[in-house]
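> Here it is: the structure, laid out below.
We did not get these values from a lab; they are worked out from the coordinates using the rules stated. Owing to the predicted nature of the structure, the values given are computational and were not obtained by experimental measurement. Cβ coordinates were reconstructed from backbone atoms using ideal geometry, including for glycine residues, and neighbour counts include every protein chain displayed.
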Amino acid sequence: MGKSDAQLDLVFSALSDPTRRAVLARLRQGQASLTRIAKPLHVSLPSMSKHVRVLERAGLVDRQVAGRVHRLRLKPRAFLLVDSWLHDYASAWKGQLDGLEDYLQERHSRAKRTESHR
């Protein structure tokens with residue numbers, strides 16, 4: 001297993017939790033403090049801090065500490081890794097679906113030709 005595979009495992013594990021996905025959704029609007037993110041989610045600060053550590057290990061967020069204030073922001077690199085991984089699968093499926101479409105069109109054309117010769 002390569003480094004990118006291990007990183008993908010961390011990212012998908014982090015994304016498996018709805019609270020962590022909600023944190024990421026909030027951070028799409030811009031950086032925010034840990035407190036500002038935790039409050040509307042009704043999550044305690046210690047619990048939110050654990051969620052953020054998982055997101056940090058996955059490379060999805062960056063935490064900046066200034067005194068007692070913890071500010072979070074999204075990190076694009078891990079998202080680009082996931083996008084690349086998904087793109088590979090989407091390309092494979094597109095090729096298979098295009099082949100299926102060609103096959104079905106050919107069958108339809110043959111059926112029409114057979115009907116016109118009757």
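> Report the relative contact order of the chain, percent, no decimals, based on alpha-carbon pairs under 8 angstrom and at least 6 residues apart.
Reported relative contact order: 25 percent.
> Here is a follow-up. Quote the Stokes-Einstein diffusion coefficient, in whole µm² s⁻¹, for the chain, based on the Kirkwood radius over alpha carbon pairs, a temperature of 20 °C and a viscosity of 1.002 mPa s.
After rounding, the answer is 124 µm²/s.
> How far apart, in nm, are two points set 7 Å out from the Cα along the Cα-to-Cβ line at ALA66 and at SER49?
Rounded to a tenth, the inter-label distance reads 2.0 nm.
> Which aspartates and glutamates, if any, have their Cα less than 12 Å from the Cα of LYS75, not counting same-chain residues under 8 positions apart?
Once the sequence-local aspartates and glutamates are set aside, what remains near LYS75 is GLU56, ASP62.
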